[in-house]
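Notes to accompany the following structure.
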Amino acid sequence: MSFDSHGSPHAHRAVGTIERAEPIELLGRVPYGRLATSMRALPFLAVARHIVSDGRILLRMHRGFGHHEACDGSVVAYGADNYNDAASGDGGNLWSVQFTGPAEIVHPCPEQEALFGAAPVSVNGEPYAPAYLRVDPHFVTEHVLDFA
């Protein structure tokens with residue numbers, strides 16, 4: 001199934017206001033985020049590369065840990081931020097966004113795969129093997145730390 005074969009969802013903004021960009025646009029400003037769900041009744045966070053397509057979030061993560069299988073068919077949270085920018089000392093605002101909704105294993109089209117860019121060579125010393133999830137955001141939160 002193609003990532004874009006489903007209709008666009010209508011995500012609801014829950015908290016805060018970012019005048020300069022919508023949460024989905026902010027997500028496009030950073031390449032990586034964290035996926036949160038549970039596996040065998042234990043919570044975990046996993047790093048993932050993301051792109052946005054048709055109002056949905058497509059994640060690429062390492063297949064070797066099985067995290068994508070734990071997420072398939074479950075409600076997950078995915079968040080990203082620009083907190084590393086604090087080290088630059090530019091005095092700008094810091095932000096974080098979180099998207100919560102059902103996740104599904106997908107097979108992106110070649111154009112979507114290309115948007116991810118180069119994949120890591122290895123994870124914890126093992127060859128990297130990509131797995132892809134689509135998150136359909138139903139609940140969106142955003143927070144801004146204003147330093148201006």
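Screening GLY79 with (1) surrounded by fewer than 19 Cβ atoms within 10 Å (Cβ to Cβ); (2) over 30 Å from GLY125 (Cα atoms); (3) modelled with pLDDT of 95 or more gives one miss only, at (2). One residue stands out among those in the range 106-131 that are closer than 18 Å to MET39 by Cβ and in contact with a strand residue (DSSP E or B) (Cβ under 6 Å, 6 or more places away or on another chain): the one that is modelled with the lowest pLDDT, which is VAL123.
Sort out which residues of the range 32-62 are surrounded by fewer than 20 Cβ atoms within 10 Å (Cβ to Cβ), over 8 Å from the mean Cα position of the chain (by Cα) and of a type outside the set (Ser, Thr, Tyr), and write them in order of number. Of everything in the range 32-62, those that are surrounded by fewer than 20 Cβ atoms within 10 Å (Cβ to Cβ), over 8 Å from the mean Cα position of the chain (by Cα) and of a type outside the set (Ser, Thr, Tyr) turn out to be ALA36, MET39, ARG40, ALA41, LEU42, PRO43, PHE44, LEU45, VAL47, VAL52, ASP54, GLY55.
Would a scan of the range 76-86 turn up a residue that is touching a helix residue (DSSP H, G or I) at 6+ places or on another chain (Cβ under 9 Å) and touching a residue at least 60 places away in the same chain (Cβ under 8 Å)? No; the residues of the range 76-86 include none that is touching a helix residue (DSSP H, G or I) at 6+ places or on another chain (Cβ under 9 Å) and touching a residue at least 60 places away in the same chain (Cβ under 8 Å).
For the range 92-142, which residues satisfy the criterion of being without any contact (Cβ under 8 Å) to a residue 12 or more places away in the chain and hydroxyl-bearing (Ser, Thr, Tyr)? If the condition is that a residue be without any contact (Cβ under 8 Å) to a residue 12 or more places away in the chain and hydroxyl-bearing (Ser, Thr, Tyr), then SER122 is the only one that fits. Restricting attention to the range 1-38, the residues that are closer than 17 Å to THR100 by Cα and either touching a helix residue (DSSP H, G or I) at 6+ places or on another chain (Cβ under 8 Å) or modelled with pLDDT under 85 (or both) add up to 13.
Annotation note: of PHE99, PHE139, PHE65, the sole residue that is over 16 Å from PHE44 (Cβ atoms), surrounded by fewer than 21 Cβ atoms within 10 Å (Cβ to Cβ) and either of a type in the set (A, V, I, L, M, F, W, C) or modelled with pLDDT of 95 or more (or both) is PHE139.
The values are calculated or read from the model by the stated rules, or taken from the named source; none is laboratory data. Every value quoted in this text rests on a predicted model; they were computed, and no experiment measured them. Cβ atoms come from the backbone with ideal geometry, glycine included; neighbour counts cover every protein chain shown.
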